[in-house]
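Colleague: Structure incoming, see below.
The values are calculated or read from the model by the stated rules, or taken from the named source; none is laboratory data. Everything numeric in this text was worked out from a predicted model, so none of it was measured. Note that each Cβ is placed from the backbone with ideal geometry, even for glycine, and that neighbours are counted across all protein chains shown. All accessible areas refer to the heavy atoms of the entire protein, side chains included, with ligands and DNA or RNA removed. Shrake-Rupley method; radii C 1.70, N 1.55, O 1.52, S 1.80 Å.
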Amino acid sequence: MKTLRHILIGLSAYLSLAPQLFANQSSVRSGASRFTGGLLLLDTSYEGNDTFDVEGDLLSFAYKAALSPQFSLGGGLGILLDGDLRGDNFKITKGEGFNFFLEGSYAFMRAGANEFQGTFALTHDRYDFGKNTKWELRSTELSLGGLFLHRIDPVTLYGGLDVFLLSKGDVSVANVQTDIERDNRVGIKLGLSFAATGNIDLRGELDLIGQQSLLLAVDAKL
């Protein structure tokens, strides 16, 4: 699977930087407005009359504003560069398109090096596949989650759970439309962030179960 190979290669390259990053003793920051740029290696499963997997590489750009010491709100854009749409008996390449997302987090508890956040995200995907005959995928999703963070300077480790309260979309080709929804409404998130400089963090994040993805990102304090 193309995206899985990309995940393994990207993760190996990212972790190879760890010895250099651990040498930096800058603290991981919180409660600050952030710009994030990164590469998302994506594989999401949907079900309807058929099953569909969306695989691809997305450039992702986001801004999150710290509206208070506890609450952050932001949004962003993802651009699909190289996507595939897979069914049980077919594969459509030449995928392109974009998604919009709105996300927020609230720190319910902070105790020493630990923090617990509640999170939400609203996303809308618009992807097209194929060169001559166009397959169109449209999807809107809303998720709520919880995230536990543990800081060991210069590293923050985190993990959490997302539940998709809304997952509604469709795949259409040649005036034939199939309604779809996410194959699994629960997702697990695992990640780590390295404080590379006073204002820059390097981050790697894995999503598992319904979506298998790897995010390699740079967070810049503004």
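Colleague: Tell me, what is the per residue accessible area of the chain in Å², probe radius 1.4 Å? If you can, show how the numbers build up before the last one.
Modeller: Values: 10960 Å² over 222 residues.
Per residue, the chain has an accessible area of 49 Å².
Colleague: Something else now. Region 67-120 to region 191-222: how many Å between their Cα centroids?
Modeller: If we compute the Cα centre of each part, the gap is 12 Å.
Colleague: Note down the relative contact order for the chain as a percent, whole number, built from C-alpha pairs under 8 angstrom at least six residues apart.
Modeller: Working: 624 pairs, mean separation 46.0, N = 222.
It comes to 21 percent, rounded to a whole number.
Colleague: Out of PHE108, GLY97, THR133, whose Cα points farthest toward the positive end of the dipole of region 96-189 (charges: +1 Lys, Arg; -1 Asp, Glu; placed on Cβ)?
Modeller: Of the candidates, PHE108 comes out farthest on the positive side.
Colleague: Using the Kirkwood radius over Cα pairs, work out the Stokes-Einstein diffusion coefficient for region 76-191 at 25 °C and 0.890 mPa s, in µm²/s as a whole number. Mind dumping the intermediate values first?
Modeller: Working: Rh = 16.3 Å.
This corresponds to a translational diffusion coefficient of 151 µm²/s.
Colleague: Among the lysines, select those whose C-alpha is under 29 Å from the C-alpha of LYS91, and discard any that sit fewer than 8 residues away in the same chain.
Modeller: Straight-distance partners of LYS91: LYS2, LYS131, LYS134, LYS168, LYS189.
Colleague: At 1.4 Å probe size, what's the solvent-accessible area of ILE209? Round to the nearest 10 Å².
Modeller: Approximately 80 Å² of ILE209 is accessible to the 1.4 Å probe.
Colleague: Using only helices, what value at 222 nm comes out for the chain when you add -39,500 (n - 2.57) per DSSP H run of length 4 or more and divide by the total residues, to the nearest 500 deg cm²/dmol?
Modeller: -2500 deg cm²/dmol
Colleague: Which FRET efficiency value, to the nearest 0.05, is calculated for LEU166 and THR133 with the Förster distance at 25 angstrom and r the Cβ-Cβ distance?
Modeller: The calculated FRET efficiency here is 0.25.
Colleague: Mind giving me the FRET efficiency for GLU47 and PHE148? R0 is 25 Å, r the Cβ-Cβ distance, nearest 0.05 is fine.
Modeller: Working: r = 30 Å, r/R0 = 1.19.
The value I calculate is 0.25.
Colleague: Once ligands and nucleic acids are excluded and a 1.4 Å probe is used, how much of TYR127 is accessible, expressed in Å² to the nearest 10?
Modeller: Looks like 0 Å² after rounding.
Colleague: In degrees from 0 to 90, rounded to the nearest 10, what is the angle of the helix 2-15 Cα long axis to the longest principal axis of the chain?
Modeller: The angle comes out near 10 degrees.
Colleague: Another question about this same structure. Hey, what do the phi angles of region 156-171 turn into as Karplus ³J(HN,Hα) couplings, whole Hz, using 6.51/-1.76/1.60 and θ = phi - 60°, x for Gly and Pro?
Modeller: These are the phi-based 3J(HN,Hα) values: 10, 9, 8, x, x, 9, 10, 10, 8, 6, 10, 8, 9, x, 7, 10 Hz.
Colleague: In nm, give the distance between the simple-model label positions of ALA174 and ALA32, each being 7 Å from the Cα along the Cα-to-Cβ direction.
Modeller: Taking the simple label geometry, ALA174 and ALA32 are separated by 5.5 nm.
Colleague: Explain nothing, just compute: Karplus ³J(HN,Hα) = 6.51 cos²θ - 1.76 cosθ + 1.60, θ = phi - 60°, for every residue of region 174-191 in order, whole Hz, x for Gly and Pro.
Modeller: Ordered by residue, 3J(HN,Hα) equals 6, 6, 10, 10, 10, 6, 9, 8, 4, 5, 9, 7, 10, x, 10, 10, 10, x Hz.
Colleague: Turning to a different aspect of this structure: Using a 1.4 Å probe on the protein heavy atoms, what percent of the accessible area of the chain belongs to carbon and sulfur? Let's see the in-between values first.
Modeller: Working: 6640 of 10960 Å².
Solvent-exposed carbon and sulfur of the chain make up 61 percent of the total.
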